[in-house]
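Note sheet for the following structure.
The values are calculated or read from the model by the stated rules, or taken from the named source; none is laboratory data. Note that the structure is predicted; figures quoted are calculated from it, not measured. Accessible surface is based on the protein model in full, side chains and every heavy atom, while ligands, DNA and RNA are left aside. Shrake-Rupley method; radii C 1.70, N 1.55, O 1.52, S 1.80 Å.
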Amino acid sequence: MIVNYIYYLANQARCLLPIRLLIEIYTVYVSILYIEIPCNKLALEIEWAYRQEDLANSTEQTVQQTNAQVQLLPKNAKAQLGVPYKWAGTDPSGFDCSGFTSYVFEQAAIQIPRRAVEQYTYCKPVAPTEACAGGLVFFSNGGEVNHVGLLISAKGAPKQMIHASSSIGISIVDVDASAYWSARIVGYGRVPKN
């Protein structure tokens, strides 16, 4: 509800105030009222909503990866199941979350940024109902995006991702069924064709 209200206010003032300023104003307002809300996560959700709106309103078409490349992504990712987590890891000796996603895309001849937050800004936003295998799902603990996983589920199916878990390495998770992950979702994205 609060996100919708702030989004409404942001739309009313869109021509007058940049979204970052509205978020700062809102953060001050929330802290004055002593309401405990993860404001940074709210800011990310509002920013993502604006990116989705801008994409929907754009007349420019987004060129996506070819079907062959998209089909390779889950296959290449699943080949790494069981590989251990390694901070800053970018190869099969050990991966961190964004090292894993960038490696999987690289195996399909698609270059993406290295860090999760950079992958988040690089991707084209996708509505949850449109998210499917080959897309990315982004997470936050209240600050900037700090985790990313690769979707392996079909459009409309319960969301499953393969990711580098810091506790068990490369593994598959049912995002929709996980209270931990579903509470931290910032958004879904699709990597544009290089």
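Of note:
- For residue 141, the residues whose modelled amide H falls within less than 5 Å of its own, excluding neighbours fewer than 5 places apart on the same chain, are 146.
- In this structure the range 115-157 gives 36 Å² per residue of accessible area when probed at 1.4 Å with all protein chains present.
- Expressed as a whole percent, the proportion of Cα-Cα pairs in the range 81-191 lying more than 25 Å apart is 10%.
- Computed from the C-alpha gyration tensor, the three semi-axes of the ellipsoid equivalent to the range 137-176 are 18, 14, 7 Å, from longest to shortest.
- Cross-link reach list, lysines versus residue 86, counting only Cα pairs under 21 Å and skipping chain neighbours closer than eight places: 78
- Set of lysines near residue 75 by C-alpha distance (under 18 Å), chain-local residues within fewer than 8 positions excluded: 155, 159
- Whole-Hz ³J(HN,Hα) from phi, Karplus 6.51 cos²θ - 1.76 cosθ + 1.60, for the range 168-176, glycine and proline x: 10, x, 6, 8, 9, 10, 7, 4, 4
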